[in-house]
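To start, the structure under review is shown below, and the notes come after it.
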Amino acid sequence: MSQAALRLQVEAEANTAWLAQIVRAQRDGRSCLPKRLGLDAAQYTDLLARHGLRAAARGADDGLRDERDALREELLALRREEWQALHDLLLSGQDDHGEPAMAAIVAAACLGGEHLWRDLGLDSRAQLYALLMHNFPQLALRNTQDMRWKKFFYKQLCEQDGGYVCRSPSCDTCPTYHDCFGEEQ
């Protein structure tokens, strides 16, 4: 096996556990992600097959799940430009590293209302950090002040586009500093 093929296999295996957890959390309603995690049907099917994961079996609560998933798909469609900007940010400056579909999944989770690790269905911020360092190391390493991830990503987008959303001239003088930095509850 070539070095490149071995590297791809190791990276795919590293993402399998995270993806299994993300898929399970979505199915159980413990994330903000739509049914296919922000991917189209072919990408989702391919992702599951490459990682040895199975599609959800039909069950008694499928009517409620289908309604929830349809609403989440609709919300994702309404915010498609925002999703695309986040997706592009995650992939910018990255090597061919990690799972390409992970950018779409993380971008979709950024549109949720909780902390990013919760919106992905992960167990902790530390688990999210490991996922981001594995898949998007150049971007993750720029979060030198341990800013909350969604706030950090949106701040990066604002700085890229020359806009500035925050009213404070700097994070150090901001009256809502604790909203962006510090312990997540």
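The values are calculated or read from the model by the stated rules, or taken from the named source; none is laboratory data. Just so it is clear, the structure is predicted and the values come from calculations on it, not from any experiment. Backbone-built Cβ (ideal geometry, glycine too); neighbour counts: all protein chains shown. Remember, those area values only see protein heavy atoms, side chains included, never the ligands or the DNA or RNA. Shrake-Rupley method; radii C 1.70, N 1.55, O 1.52, S 1.80 Å.
Each label point is 7 Å from the Cα along the Cα-to-Cβ direction; what then is the distance between the points at Asp88 and Glu74, in nm?
In this crude spin-label approximation the distance works out to 2.8 nm.
Taking θ as phi - 60°, what are the ³J(HN,Hα) couplings along segment 100-117 by the Karplus curve (6.51, -1.76, 1.60), each to the nearest whole Hz, with x for Gly and Pro?
Values per residue, Gly and Pro as x: x, 5, 4, 5, 5, 5, 5, 4, 5, 5, 4, 7, x, x, 9, 4, 4, 5 Hz.
Starting from the 7 Å offset along Cα-to-Cβ, what nm value, one decimal, do you get for the label separation of Thr16 and Ala49?
Label-label distance for Thr16 and Ala49, simple model: 1.7 nm.
Using a 1.4 angstrom probe and counting only protein chains, how large is the accessible area of Thr45 in Å², to 10?
Roll a 1.4 Å probe over it and Thr45 shows about 90 Å².
Once you list every other residue whose beta carbon is under 14 Å from the beta carbon of Gln84, what net charge do they have if Lys and Arg are +1 and Asp and Glu are -1?
On the way: positive: Arg79, Arg80; negative: Asp40, Glu81, Glu82, Asp88, Asp161.
Within the 14 Å Cβ shell, the charges total -3.
What ranking, highest mean first, results for peptides 65-77, 123-135 when packing means the other Cβ atoms within 10 Å averaged over each residue?
Packing proxy ranking, top to bottom: 123-135, 65-77.
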